[in-house]
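Written out below as structure tokens is the structure these notes cover.
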């Protein structure tokens, strides 16, 4: 069974747009997902990306066009200018790490966190919001949030970031299959083809 490393953060609109499609890919192909939340600004700094506010005006305007195009294509609600953005995603990201580390599937929680930011105008940096999302996803919030605060989870967060940098991902979401990186939710079809065909990964050098 192929395994896909899934690099994301809950404050990435493109990760949100691709999340359900990635879950569909996993269900349809039997691939397993390894959830790898990433510190996105460290990834940007290492691999040449820029935070939104530092991008050229043309790039910022084009981003809005792309978001509208893809929210229609994916048939998802997406606020172009959410009330709480940017917000610190580390608690929600670390809860996903804690869930995965306990052998639980964080997919539903991650989906709810994406919706909270991009469709519901909720503050993902709020402990109360994250606790509510955990509970509605079927998890005991106090236990998960306690686990998320452990140093081992923080170390995994840093390690995920280092792995994403080493995989040459310029931004998020990123999917890595057998060492081959796929950057962006618009590469999910290419990822699916690689999974189904079983082809060897393309070299990066």
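The values are calculated or read from the model by the stated rules, or taken from the named source; none is laboratory data. In this text, all values refer to a predicted model and were calculated from it rather than measured experimentally. So basically every Cβ, Gly included, is an ideal-geometry build from the backbone, and we count neighbours across all protein chains shown.
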Original post:
What number of residues within the range 37-51 are touching a helix residue (DSSP H, G or I) at 6+ places or on another chain (Cβ under 9 Å) and loosely packed, with under 12 Cβ neighbours inside 10 Å?
Top reply: 1
Original post:
Does residue 158 qualify as being modelled with pLDDT of 95 or more, over 21 Å from residue 18 (Cβ atoms) and out of contact with any helix residue (DSSP H, G or I) (no Cβ under 8 Å at 6 or more places or on another chain)?
Top reply: yes
Original post:
Looking at (1) in contact with a helix residue (DSSP H, G or I) (Cβ under 8 Å, 6 or more places away or on another chain); (2) at pLDDT 95 or above; (3) surrounded by 15 or more Cβ atoms within 10 Å (Cβ to Cβ); (4) more than 18 Å from residue 174 (Cβ to Cβ), which is the one condition that is false for residue 108?
Top reply: (1)
**OP:** Give just the number: which of (1) without any contact (Cβ under 8 Å) to a residue 40 or more places away in the chain; (2) closer than 28 Å to residue 66 by Cβ; (3) more than 15 Å from the chain's Cα centre (by Cα) does residue 187 not satisfy?
**Re:** (3)
**OP:** Please give the number of the condition residue 34 fails out of (1) touching a helix residue (DSSP H, G or I) at 6+ places or on another chain (Cβ under 8 Å); (2) loosely packed, with under 14 Cβ neighbours inside 10 Å; (3) modelled with pLDDT under 95.
**Re:** (3)
Original post:
For the range 168-183, how many residues are surrounded by fewer than 21 Cβ atoms within 10 Å (Cβ to Cβ), touching a residue at least 24 places away in the same chain (Cβ under 8 Å) and under 20 Å from residue 93 (Cβ atoms)?
Top reply: 2
Subject >> Output for the range 122-163, where each listed residue is surrounded by 14 or more Cβ atoms within 10 Å (Cβ to Cβ), over 20 Å from the mean Cα position of the chain (by Cα) and not in a helix (DSSP H, G or I) >> reply: 150
